[in-house]
Amino acid sequence: MRIISGSLRGLKLAEVGEGDAKAHLRPTSDRVRESLFNVLASLDGGISPVVDARVLDLFAGTGALGFEALSRGAAQVTFVDEGVKARALIRENIDKCRAIGTTRLLRRDATDLKRNDGAPFKVIFLDPPYGKGLGEKAIASAQDGGWIAPSALLIWEENAPQSTPAGFTLLDQRKYGDTWITLLRAPAP
């Protein structure tokens, strides 16, 4: 797995390997990441929403989506995962990307985030374990805890098309193999 584009283009990320069977790590494929970031670059008049944005990567796994955003100009990325194996991979990738000053790693349950202690995020990736209804819970938790900025962009990866949560606007929904990407706009102020 490599960074597709930007300042870190071509950098090989840490291998998932056999890992911990309980970790349920399923990194977003290079092809899906490339397609997704091409779609993002076409939003808002061709200016990628990740440029200069504070990015939140929920159910981060290896952190591939967040690191891709960082490579493409994100100001800061916060990774959230409660898995031991996932956090170890993210720490390794932070080192590989030399991104200690622009990243933050939180050991938290994405469906129970608690109150955000900083500024809200303009771009939120969520890639929960497929088919368990955790995406809806994570969005509700992030919204209740002040993690989502007004009009933020949410990028939700699942194995089926997802319903739009109340107050959010569906921007796009696309299928890539067995992966569905749903793009949502958070409520405006």
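Scanning segment 144-166 for residues that are part of a loop (DSSP other than H, G, I, E, B) and either within 19 Å of Leu43 (Cβ to Cβ) or not aromatic (Phe, Trp, Tyr) (or both) yields a count of 10.
If we scan segment 163-172, do we find a residue that is under 16 Å from the mean Cα position of the chain (by Cα) and either closer than 25 Å to Ser29 by Cβ or surrounded by fewer than 21 Cβ atoms within 10 Å (Cβ to Cβ) (or both)? Checked against the condition, which is being under 16 Å from the mean Cα position of the chain (by Cα) and either closer than 25 Å to Ser29 by Cβ or surrounded by fewer than 21 Cβ atoms within 10 Å (Cβ to Cβ) (or both), segment 163-172 yields no hits at all.
Screening Asp112 on (1) surrounded by 15 or more Cβ atoms within 10 Å (Cβ to Cβ); (2) closer than 17 Å to Ala60 by Cα shows it passes everything except condition (1).
Just one of (1) closer than 21 Å to Val16 by Cβ; (2) surrounded by fewer than 16 Cβ atoms within 10 Å (Cβ to Cβ); (3) of a type in the set (A, V, I, L, M) fails for Ala140. It is (1). Taken as a whole, the condition of being in contact (Cβ under 8 Å) with a residue 12 or more places away in the chain and closer than 22 Å to Glu15 by Cα applies to Leu89. Of all residues in segment 56-95, those satisfying the criterion of being β-branched (Val, Ile, Thr) and either outside any helix (DSSP H, G or I) or within 17 Å of Ile139 (Cα to Cα) (or both) are Thr62, Val77, Thr78, Val80. The set of residues in segment 68-87 being small (Gly, Ala, Ser), loosely packed, with under 15 Cβ neighbours inside 10 Å and farther than 15 Å from Leu56 by Cα is empty. Counting the residues of segment 100-141 that are of a type outside the set (Asp, Glu) and under 21 Å from Ser29 (Cα atoms) gives 11.
Mind listing whichever residues of segment 134-155 are under 17 Å from the mean Cα position of the chain (by Cα) and over 17 Å from Ala53 (Cβ atoms)? Hits for segment 134-155 are Leu134, Gly135, Glu136, Lys137, Ala138, Ile139, Ala140, Ser141, Gln143. When Thr102 is tested against (1) free of Cβ contacts under 8 Å to residues at least 60 places away in the same chain; (2) in contact with a strand residue (DSSP E or B) (Cβ under 8 Å, 6 or more places away or on another chain); (3) crowded, with 16+ Cβ neighbours inside 10 Å, exactly one condition is not met: (3). Examine segment 40-52 for a residue that is of a type in the set (D, E, K, R) and at pLDDT 90 or above, and state whether such a residue exists. Checked against the condition, which is being of a type in the set (D, E, K, R) and at pLDDT 90 or above, segment 40-52 yields at least one hit.
Across segment 29-54, which residue is nearest to Gln173 (Cα to Cα) among those that are in a helix (DSSP H, G or I) and of a type in the set (Gly, Ala, Ser)?
Of everything passing the filter in segment 29-54, Ser35 is nearest to Gln173 (Cα to Cα).
Scanning segment 167-188 for residues that are farther than 20 Å from Arg33 by Cα and outside any loop (DSSP other than H, G, I, E, B) turns up just one, Thr169. Scanning segment 98-143 for residues that are part of a strand (DSSP E or B) and hydroxyl-bearing (Ser, Thr, Tyr) yields a single hit, Thr103.
The values are calculated or read from the model by the stated rules, or taken from the named source; none is laboratory data. Nothing here was measured: the structure is a model prediction, and the numbers come from that model. Positions of Cβ are generated from backbone atoms using ideal geometry, with glycine treated the same way; all protein chains shown enter the neighbour counts.
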